[in-house]
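The structure appears right after this line, and notes come after that.
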Amino acid sequence: MSTVRYGLFILPGFDLVSFSVCCETLRLANDVARQKLYSWEVVTGSGQAVESASRIPVSGRSLAGESTDYDRLVVFAGNQATSYANRNVFDWLRQLSRRGCLLGGVDAGVWVLARAGLLGGYRFALGSGYHLAFRETFDLVPEPAHPFVLDRERLTWAGGGSAFEAMFEQLRQDHGRTLSSSVARSSRYPVLPETPEPQSTALPEKLATCLEIMKQNIEEPLSSAELAAAVGLSVRHLERLFHGTFQAAPQKVYRSLRLQEARRLVHFTELSITEISIATGFDSCSHFARCFRGEFDMTPSSWRRSRKGQRVEVEAGL
């Protein structure tokens, strides 16, 4: 069985959570299968380290030479990539596409694929905060309410927690449900005793959109004024909507969503507590620890120690 070669192309402001999940899933698949099913390398435009949205730098090889020696290439990019216009990169992506390489886009990486003209005729996922601007820019419509979409030679996901589902689906298609379930168990995904999250179903449209924007902006939280402006409401109106539905202010709900994502990272990854605090938008590790304890009655370190080696079941249907 030949090894599937991944290229992970990172641009400034990329989502560290999605990137880490992608690498860890490939690594665990090799470990569980006890053979090298996948290889991967990180690629940057210049060969210099690139900072994630949480300002953690990641190094990679230079794009010089524009290697096409990949079976799959995933573009990880932050908000600034919505105006990305590097013709050399676009030509490289088109060349990869012509030779049958599967192309992936994460978060604003989907914009990069669209600007290269590589999404026409494909179904794709996109964070809801981008939908209107994306439709107006490209006249392309993303799949509604889909955290990820795998459509032939395109794999797209909105970022954050959807990375697990996207990678496990790719693994299932490659090697079947047995291996994907074994990798899920090894990663201890996905069952945690969750605090109920506010659900966006059957909610007023603007409130549901606001929740999705919150979930797509975990590393760099938005203010209430920015959230209100994004959905076309006044701050006062937004606060009334949240109090009427959740009996809590927008920022309290937002913090709860960030802490639930932090708990997933504590549980599922080997990132340090400091890295997790940065990746979920907290200005200091001590503040993060206090908020985490207030939400879950346990510090992040205690949570990780108590769950070490714990076996969990895989959700039905994985």
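Criterion applied to SER20, SER59 was being surrounded by fewer than 16 Cβ atoms within 10 Å (Cβ to Cβ) and outside the structural domain of THR280 (by TED's automatic domain parsing), and the one residue passing it is SER59. Checking VAL312, VAL235 one by one, the residue that is modelled with pLDDT under 90, over 23 Å from HIS146 (Cα atoms) and surrounded by fewer than 20 Cβ atoms within 10 Å (Cβ to Cβ) is VAL312 and no other.
Please work out if VAL42 is in contact with a Pro (Cβ under 8 Å, 6 or more places away or on another chain) and either among the hydroxyl-bearing types (Ser, Thr, Tyr) or outside the structural domain of PRO221 (by TED's automatic domain parsing) (or both). Considered against the rule, which asks whether it is in contact with a Pro (Cβ under 8 Å, 6 or more places away or on another chain) and either among the hydroxyl-bearing types (Ser, Thr, Tyr) or outside the structural domain of PRO221 (by TED's automatic domain parsing) (or both), VAL42 comes out as no.
Would you tally the residues in region 275-287 being farther than 16 Å from ASP15 by Cα and of a type in the set (S, T, N, Q)?
Residues of region 275-287 that are farther than 16 Å from ASP15 by Cα, as a first pass: 283-287.
If we keep only those that are of a type in the set (S, T, N, Q) as well, we get 284, 286.
Total meeting the criteria: 2.
Residue count for region 4-53 satisfying the condition of being in contact with a helix residue (DSSP H, G or I) (Cβ under 9 Å, 6 or more places away or on another chain) and either outside any strand (DSSP E or B) or free of Cβ contacts under 8 Å to residues at least 24 places away in the same chain (or both): 23.
Within region 261-286, the residues that satisfy the criterion of being touching a helix residue (DSSP H, G or I) at 6+ places or on another chain (Cβ under 8 Å) and closer than 21 Å to SER223 by Cα are GLU261, ALA262, ILE276, SER277, ALA279, THR280, GLY281, PHE282, SER284, CYS285. Kindly indicate which of SER272, SER302 is surrounded by 15 or more Cβ atoms within 10 Å (Cβ to Cβ) and without any contact (Cβ under 8 Å) to a residue 12 or more places away in the chain. Going through SER272, SER302 in turn, just one is surrounded by 15 or more Cβ atoms within 10 Å (Cβ to Cβ) and without any contact (Cβ under 8 Å) to a residue 12 or more places away in the chain: SER302. Pairing residues of region 223-246 that are of a type in the set (Phe, Trp, Tyr) with residues that are not in a helix (DSSP H, G or I), at Cβ distances under 7 Å and at least 6 apart in sequence or on separate chains, gives PHE242/ALA248; PHE242/ALA249; PHE246/PRO198.
Does ARG135 qualify as being in a helix (DSSP H, G or I), at pLDDT 85 or above, of a type in the set (D, E, K, R) and not assigned by TED's automatic domain parsing to the domain that holds ILE276? Even if it seems obvious, please write down each step before you answer.
Numbers: in a helix (DSSP H, G or I): yes; at pLDDT 85 or above: no; of a type in the set (D, E, K, R): yes; not assigned by TED's automatic domain parsing to the domain that holds ILE276: yes.
No.
What helices (runs of 4 or more DSSP H) lie completely within region 216-282 and have 3 or more residues being within 30 Å of SER306 (Cα to Cα)? It would help to see each step written out before you state the result.
Numbers: elements: 224-230, 235-246, 250-268, 273-279.
Ranges flagged: 250-268, 273-279.
Read through the list (1) aromatic (Phe, Trp, Tyr); (2) modelled with pLDDT of 90 or more; (3) within 24 Å of ASN217 (Cβ to Cβ); (4) more than 16 Å from the chain's Cα centre (by Cα), then give the number of the only condition that TYR84 fails. It is condition (2) that TYR84 fails. Output the residues belonging to region 199-211 that are buried (at least 18 other Cβ atoms within 10 Å of the Cβ) and modelled with pLDDT under 85. Selection gives nothing.
Pick from region 88-132 the residues that are modelled with pLDDT of 90 or more and assigned to a strand (DSSP E or B): which of them is surrounded by the fewest Cβ atoms within 10 Å (Cβ to Cβ)? Only one residue fits best here, namely LEU102.
The values are calculated or read from the model by the stated rules, or taken from the named source; none is laboratory data. Not measured: the values here are computed from a predicted model. Using ideal geometry, Cβ is built from the backbone for each residue, glycine included, and neighbour counts are taken over all protein chains shown.
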